[in-house]
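Some notes on the structure that comes next.
What follows is calculated from the coordinates using simple rules that are stated; it is not laboratory data. A quick note: this is a predicted structure, and the numbers were derived from the prediction, not measured. Counting neighbours? That spans all protein chains shown, and the Cβs are built from the backbone with ideal geometry, glycine included.
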Amino acid sequence: ADAARAAAVPPGARVHWHAGPEVDYGIVLVGAREGLTEPAQPGTPSRAPLPGLRIGIGSPVDGLAAVGEARGLADTALGICPAAGGTVRLSDQLPAALVVSSPELGRALAEKVLGPLLRLEPADREVLLDTLTTWLECDGSAQRAGERLYCHRNTVLNRLRRCEQLTGRSLARPADVVEFSLALTARRVLPD
């Protein structure tokens, strides 16, 4: 527990620990006097986190009265963190935080947007979902997505066209792209 706590906060940080039955909570004092304006990211190369250690970092709050809110935000960040371990800073994962904050709505969105893809044969489904996910991660570049997927950009474009045809959505419409992105996030972060 001590090694995990040490890995979770930057050296020299003023922290108060509260041990829970399944999770330890650290309240880190930040401010101009301490030289920190927000908690430093744990797990930097000089402070690699322990294997399997999951760290959720909420947003800074003002005053002791907001500590309960901060704990809820840290729990949301922890809910996004992969089971294998890692660190999630809530402010870096706001779309995923929205999804885990309302898992029922996240699942409903995933079903509404991705339903036709999810009902395909597993191999076909995974190819299309991986292509769509990679294309979004590559900022809509079929060329870069193709390089990451080891296929030609035209193959990426054909797969994306198939996603559009099956779902009735267009990757040229920003609102549809947002729905695709949130639905894929829901599928990634919510347990089945």
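In this calculation the C-beta distance from Ala65 to Ala4 is compared with R0 = 25 Å, giving a FRET efficiency of 0.35. Using only Cα coordinates, the Kirkwood hydrodynamic radius of the chain works out to 18.8 Å.
So what is the relative contact order of region 102-189, in percent, for Cα pairs below 8 Å that sit 6 or more residues apart?
Working: 80 pairs, mean separation 35.6, N = 88.
With pairs under 8 Å counted, the relative contact order is 40 percent.
Using the Cβ-Cβ distance between Trp17 and Ser91 with R0 set to 30 Å, the FRET efficiency works out to roughly 0.85.
With contacts taken as Cα pairs under 8 Å and at least 6 residues apart, region 45-192 reaches a relative contact order of 23 percent. The orientation-averaged projection of the convex hull spanning the C-alpha atoms of region 102-189 amounts to 5.4 square nanometres. Of the GluC sites (Glu not before Pro) found in region 79-127, none is in coil by DSSP with at most 14 other Cβ atoms within 10 Å of its Cβ. Against the chain, whose longest principal axis comes from its Cα atoms, helix 67-80 is set at around 40 degrees.
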